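Presented below is the structure to which this report refers.
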Amino acid sequence: MSVRSTILARVVAVTALGMALAACSNSSDPVGNVASRPATGDAAKIQAVDGNRFTPNTLKLPAGKEVTIEITNTDDRAHDFAIEAADLNTGTIKAAAAATATFTVPEGTTKFKCTFHRGMTGTIQGV
């Protein structure tokens with residue numbers, strides 16, 4: 001193997017390792033009207049729980065109204081709460097911590113998810 005090939009192989013290996021580690025870091029940045037604390041007023045409540053799931057996984061909220069959702073992480077792993085359609089993400093919610101997300105509820109069904117754990121999803125029904 002030539003020196004150039006060896007260097008290229010090492011660069012590719014280090015880059016792949018860095019990407020793998022970044023994917024496992026389970027962190028995200030806050031986007032939208034969110035806060036890293038429990039709600040101070042009325043809020044719909046949801047929990048990120050063991051088994052990579054939200055409970056409840058369906059929320060019925062008034063369409064067209066601004067609401068706050070309080071997300072409490074009762075799991076021992078970090079999670080986040082994201083609504084892509086609303087360009088909203090709480091950022092990382094560590095174990096035993098809470099965050100809030102405030103947005104106007106659209107009519108119909110809107111999906112939310114944890115971007116760290118595939119399949120950790122739920123829906124908001126704007127009624």
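Working note: Karplus 6.51/-1.76/1.60 with θ = phi - 60° gives the range 46-54 the couplings 8, 10, 8, 10, 3, x, 6, 8, 9 Hz, where Gly and Pro are set to x.
Annotation: aspartates and glutamates with alpha-carbon distance below 13 angstrom to K45 (same-chain offsets under eight excluded): E70. Within straight-line reach of K65, meaning a Cα separation under 20 Å, sit the following aspartates and glutamates at least 8 residues removed in sequence or on another chain: D42, E84, D87, E107.
Packing, as the average of other Cβ atoms within 10 Å across residues, places the peptides 92-104, 49-61 in the order 92-104, 49-61, highest first. Given the convex hull of the Cα atoms of the range 31-127, what is a quarter of its surface area in nm²? Result: a mean projected hull area of 5.2 nm².
Go through the range 30-127 and name the GluC sites (Glu not before Pro) that are in a DSSP coil and have 15 or fewer other Cβ atoms within 10 Å of their Cβ.
Passing sites in the range 30-127 are E107.
Read-outs throughout are calculated quantities, based only on the coordinates presented, and are distinct from any laboratory measurement. Bear in mind that the values here come from a model prediction, so they are computed numbers and not experimental data. Counting neighbours? That spans all protein chains shown, and the Cβs are built from the backbone with ideal geometry, glycine included.
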